[in-house]
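The structure under discussion appears below in the form of structure tokens.
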Amino acid sequence: MTLTASSEAPAFPLTGDFLAGRLRQNLSLDDLKYIEGLVDTVAEYGDTARLLARGTKTDRSTILIEGYIFRTIESAGKRFITGIHVPGDFVDLHGFALKRLDHNIDAAGRVTVGSVSHDTLRRVMRDRPGVARAMWFATLLDAAIHRKWIQMLEQLDAPRRIAHLYAELHTRLELVGRNVSRALRTPFTQFDMADMCGVSAIHANRAVGKLRELGIAEIRRGDLYTADWAALKRYAQFDPDYLYGDGPLKVEEDWD
């Protein structure tokens, strides 16, 4: 699965999506070049590949260049998907401080990732406070998305949960300049959607059918088709504020 890259990606092919649509505009060209140079290894993985297992000691952090990545937890023979990452996300930047994660990092479809050593990140913390703050922002954004997922699971029924997941993905991909119009293509299976929403695969299938019956969207093999993203987002009760995209909130004066 290939997404259309943002216009800045050719200049920064490895990190051009990092904080795009958010505070990237407040970083200097020198900072952007510095961030691009942090990546020392690029690798590709196939669907379901485990990039990092729960509890494994790590000395590197990963940025997603292409594709989707899941955060997963396995318990009592069940899998729970607790987060989705899109291009530009530092998937396990918090592993720099924690060293071991309490969850797995798994490829969803084919992915391309870059990695940055923790020795390099220590130099960032010491020598480049502006870049360090950008990375701190990225980890806080992960936390904001995680809180919204908790609220979504508590507040919404299954059809709205699935609609909300795709509404979020649509907005996050738009923020990084990815071309999403009538179809949002993903490698997600029915089991993936069930594990994201905390329901059975049968219940997820019924929820997908409900979206089709309402004329809001159709999901086929993970790809969502809709003629009206605004209607889908209204149905999902989706409010994008937690994604901290560029908008009325101005923080430029505090970014230096």
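The values are calculated or read from the model by the stated rules, or taken from the named source; none is laboratory data. Being a predicted model, the structure only gives us computed values, none of them experimental. Backbone-built Cβ (ideal geometry, glycine too); neighbour counts: all protein chains shown. The accessibility values were calculated without ligands, DNA or RNA, using every heavy atom of the protein model including side chains. Shrake-Rupley method; radii C 1.70, N 1.55, O 1.52, S 1.80 Å.
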- Within the set of pairs 6 or more residues apart or between chains, which connect a residue that is open to solvent by 30 Å² or more (accessible area, probe 1.4 Å) inside the stretch 38-51 to a residue that is of a type in the set (Asp, Glu) with Cβ atoms less than 6 Å apart? Arg50/Asp106
- Residues satisfying the stated conditions in the stretch 115-138, i.e. open to solvent by 40 Å² or more (accessible area, probe 1.4 Å) and β-branched (Val, Ile, Thr): none
- Query: Pairs under 6 Å by beta carbon, first residue over 23 Å from Ala20 (Cβ atoms) in the stretch 116-134, partner hydroxyl-bearing (Ser, Thr, Tyr), six or more apart or different chains?
  - Reply: none
- Query: Would you call Ile73 of a type outside the set (Ser, Thr, Tyr), farther than 21 Å from Met196 by Cα, open to solvent by 10 Å² or more (accessible area, probe 1.4 Å) and in contact (Cβ under 8 Å) with a residue 12 or more places away in the chain?
  - Reply: no
- Query: Do the conditions hold for Asp127, that is, is it of a type in the set (Asp, Glu) and over 21 Å from Thr41 (Cα atoms)?
  - Reply: yes
